1. What distance in nm separates the two pseudo spin-label positions at SER56 and SER3, each 7 Å out from Cα along the beta-carbon direction?
2. Take a quick pass over the chain and tell me how many lysine pairs come in under 26 angstrom between Cα atoms, counting only ones 8 or more apart or on separate chains.
3. Take the Cβ-Cβ distance between ARG21 and ALA44 as r, set R0 to 30 Å, and report the resulting FRET efficiency rounded to the nearest 0.05.
4. Multiply the residue gap between LEU83 and LYS99 by 0.36 nm, knock off their C-alpha separation, and tell me the result in nm, one decimal place.
5. Hey, if you put +1 on the Cβ of every Lys and Arg and -1 on every Asp and Glu Cβ in the chain, which of THR86, ALA28, ASN70 ends up farthest toward the positive end of that dipole?
6. In terms of the ratio Rg/(2.2 N^0.38 Å) built on C-alpha atoms, what value belongs to the chain?
7. Quick check: residue separation of VAL29 and LEU63 times 0.36 nm, minus the Cα distance between them. What number comes out in nm?
Amino acid sequence: MSSLNDELAALRSQAHEATERQQTLNQAVAEKRTKVGNVEILCANLQKARFIVCFSIALLTWLKTVVAHNEEMAELRAVKESLEATQLAAQKKQEAELKCLHT
């Protein structure tokens, strides 16, 4: 009977050790899952950051185009105003010459 008790105690000890090993393994698996989850979150954040950078580059390119267009329009406006002023001055000069001719 004593040998059965000894075997039973040994089996209980082995079962206890197996349970502890299983708990350790479960904890290690949980830690790995947490790390994998963190890596997945980092990857998602990296993709978002890439999108933001690409969008920012596209926006800056568009803004440079708009600024260049605005600068061109300002130059064209200045040329137009200069031409209008020159035209007006030429017209006044012609009118003055016509007055001189009529008198």
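Here, each number is a calculation from the coordinates, and none is a lab measurement. Values in this document were obtained by computation on a predicted structure and should not be read as measured data. A quick note on method: Cβ atoms are made from the backbone with ideal geometry, for glycine too, and the neighbour counts reach across all protein chains shown.
1. Output for this residue pair reads 7.8 nm.
2. Final tally of qualifying lysine pairs is 6.
3. 0.30
4. 3.4 nm
5. Of the options given, the answer is THR86.
6. That ratio works out to 3.43.
7. Gain in length upon complete extension: 7.2 nm.
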